[in-house]
Amino acid sequence: MASMREIKRRRTSIQSTQQITKAMKLVSTVKLQRARQRAENSKAYFTYMYKTITSMLAKAGNVDHPYVKGSDSKNVAIVTVTSNRGLAGGYNANIVRMVMGSGFEKENVRLYTVGRKGVEGLERKGYKIVADYSDIIEEPTFADAKEIGERLLSDFANGEIGEIYVAYTEFKNTVSQVPKLMKLLPVDAEGMQADAEELSELDKLTPMNFEPEEEEAIALLIPKYMTSILYGAFVEAVASENGARMQAMDSATNNAEEIISDLELKYNRARQGAITQELTEIIAGAEAIG
Amino acid sequence: MADKFEVKIISPEQLFYEGTGTFVEFTTVEGRMGVYPNHIPLTTVLAPCVMKVHDSGEVKKIEISGGFAEILKDRITVLAESANWK
């Protein structure tokens, strides 16, 4: 049996770990509330943006634009959105695993990383990282998303990449975050048409007009679409990160509690054992003299 | 002609403005434009401009840094990259 002192030392160490996890949980709870508020505020913009682009492409039919048709390059760009810090349960590992299991050839994948944990995880696996924007994930702004979007589009236009995906974690609710791989370019017009729209009868009958013409409008709107989808992915990922961390820290605190109570029991038993032993020794000593 | 339509201005940060209007002015990439209710359905790309929403004699001015607008018979929805009161 471990000595009393040893048990006591372990218990103290676990107690201080518990204090840390408890504090981290509280911090991420507060951060989560803020991040969730932000994600909710910006949701309207993205649903609308998505709806407009889809209905536009559905009506525009077969537009002969590289953004819709795709380019010849075999390379696939993936924007991976992870966090800069760990201790968030499976949050970062899920993204890394999803990129690895996406079925793309490692040589063809070009990574545009956001979040240091994704860089660490994927670089080790031999993926090629083209650009890293890890600093922005702490407080993502629309301008940051624009910068990344512009870089992606210029690489797309240069023929360096043929497809663009974004790997991020969708925020379902506080306890459920789902890693998601979403295709940004070329825009999948086929799959988008399925979205039924709730328009009034009259608006359904009259076709939508565009100014400037469809093709020109698409060329102008796709960069905006990219930016807003990226921004949406960032704010949602931040909410997910804090949700995941809150959950991980909650279960860590609970585990610590369990270990502490177990150690408490062991400590008391060891103390009792030591007292009994001492008593037997005293009695035996007294008997020997008497 | 007391016709009114719904005006919604959405920026990435928030639903910036929601209300009614009788006439809306803005600048598209093609030039300046004004829209009354019962306009034909139109999607247009906006240039950075000051948007004016006329609502029963009142004029609200909003700075917009690009985006696009979807105009339907009874409503106009503006997706602005950023929006501020002027």
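Note on B:73-83: average number of Cβ atoms from other chains within 10 Å of each residue's Cβ is 3.
Taking Cβ atoms as reference points and 10 Å as the exclusive limit, the residues near residue A:177 contribute a net charge of -1, counting Lys and Arg as +1 and Asp and Glu as -1.
On C-alpha positions alone, give me the angle between the axis of helix A:142-157 and the longest principal axis of chain A, in degrees, nearest 10. Between the helix axis and the principal axis of chain A, the angle is about 60 degrees. If you line up the long axis of helix A:91-100 against the longest principal axis of chain A, both from Cα atoms, how many degrees apart are they, to the nearest 10? On a 0 to 90 degree scale, this one is about 50.
Taking amide H atoms as placed 1.01 Å from N in the peptide plane, the amide H of residue A:209 lies under 5 Å from those of B:42, B:43, each 5 or more residues away in sequence or on another chain. Summing Cβ point charges (Lys, Arg +1; Asp, Glu -1) relative to the Cα centre of segment A:39-247 gives a dipole of roughly 1060 debye. Summed over qualifying helices (DSSP H, 4 residues or more, each -39500 (n - 2.57)) and divided by its residue number, the protein assembly as shown shows a 222 nm mean residue ellipticity of -17000 deg cm²/dmol. What a 1.4 Å probe finds exposed on chain A is 51% carbon and sulfur by accessible area, rounded to a whole percent. Couplings 3J(HN,Hα) of segment A:220-226, computed from phi: 7, 8, 4, x, 5, 4, 4 Hz, in residue order, whole Hz [Karplus 6.51 cos²θ - 1.76 cosθ + 1.60, θ = phi - 60°; x for Gly and Pro].
Less than 5 angstrom separates the built amide H of residue A:165 from those of A:77, A:78, A:79, A:184, all sequence-distant by 5 or more or on a different chain. Quick check on the protein assembly as shown: take the gyration tensor over C-alpha atoms, sort the square-rooted eigenvalues as a ≥ b ≥ c, and tell me if it's rounded (a/c under 1.5), prolate or oblate. Since a/c reaches 1.5 and a/b is larger than b/c, the shape of the protein assembly as shown is classed as prolate.
First check a/c for segment A:98-167, with a ≥ b ≥ c the square roots of the eigenvalues of its C-alpha gyration tensor; if it is under 1.5, answer rounded, and if not, answer prolate when a/b is larger than b/c or oblate otherwise. Cα axes put segment A:98-167 in the oblate bin.
Computed from phi, the 3J(HN,Hα) profile of segment B:17-26 under the Karplus parametrisation 6.51, -1.76, 1.60 (θ = phi - 60°) reads 8, 9, x, 10, x, 9, 7, 10, 10, 6 Hz, with x in place of Gly and Pro. For the protein assembly as shown, the Cβ-based charge dipole about the Cα centre amounts to some 1660 debye (Lys, Arg positive; Asp, Glu negative; other atoms uncharged).
In this structure, the amide hydrogen of residue A:82, modeled 1.01 Å from its nitrogen in the peptide plane, lies closer than 5 angstrom to those of A:114, A:115, A:118, counting only residues at least 5 positions away or on a different chain.
Pairs from the table (A:69/A:224; A:8/A:117; A:125/A:146; A:51/A:172) lying more than 27 angstrom apart at Cα are A:8/A:117; A:125/A:146.
The contact between chain B and chain A removes approximately 2400 Å² from the accessible area (both sides summed; 1.4 Å probe; ligands, DNA and RNA excluded).
For residue A:17, what charge total do you get from the other residues with a beta carbon under 12 Å from its beta carbon, if Lys and Arg give +1 and Asp and Glu give -1? My count for the surroundings of residue A:17 gives +2. Comparing A:283, A:174, A:227 along the charge dipole axis of chain A, the residue lying farthest to the positive side is A:283, per the Cβ-charge model. When the square roots of the Cα gyration tensor eigenvalues are ordered a ≥ b ≥ c, the ratio a/c for segment A:23-175 is 1.5 or more and a/b does not exceed b/c, which makes its shape oblate.
Comparing A:256, A:68, A:185 along the charge dipole axis of chain A, the residue lying farthest to the positive side is A:256, per the Cβ-charge model. For segment B:5-85, the Cβ-based charge dipole about the Cα centre amounts to some 140 debye (Lys, Arg positive; Asp, Glu negative; other atoms uncharged).
Here the Karplus relation 6.51 cos²θ - 1.76 cosθ + 1.60, evaluated at θ = phi - 60°, turns the backbone of segment B:37-46 into coupling constants of x, 6, 6, 6, x, 8, 10, 9, 8, 8 Hz, with x for every Gly and Pro.
The values are calculated or read from the model by the stated rules, or taken from the named source; none is laboratory data. Being a predicted model, the structure only gives us computed values, none of them experimental. Heads up, the Cβs are rebuilt from the backbone with ideal geometry, glycines too, and the neighbour counts pull from every protein chain shown. Surface accessibility is based on the protein's heavy atoms, side chains included, excluding ligands, DNA and RNA. Shrake-Rupley method; radii C 1.70, N 1.55, O 1.52, S 1.80 Å.
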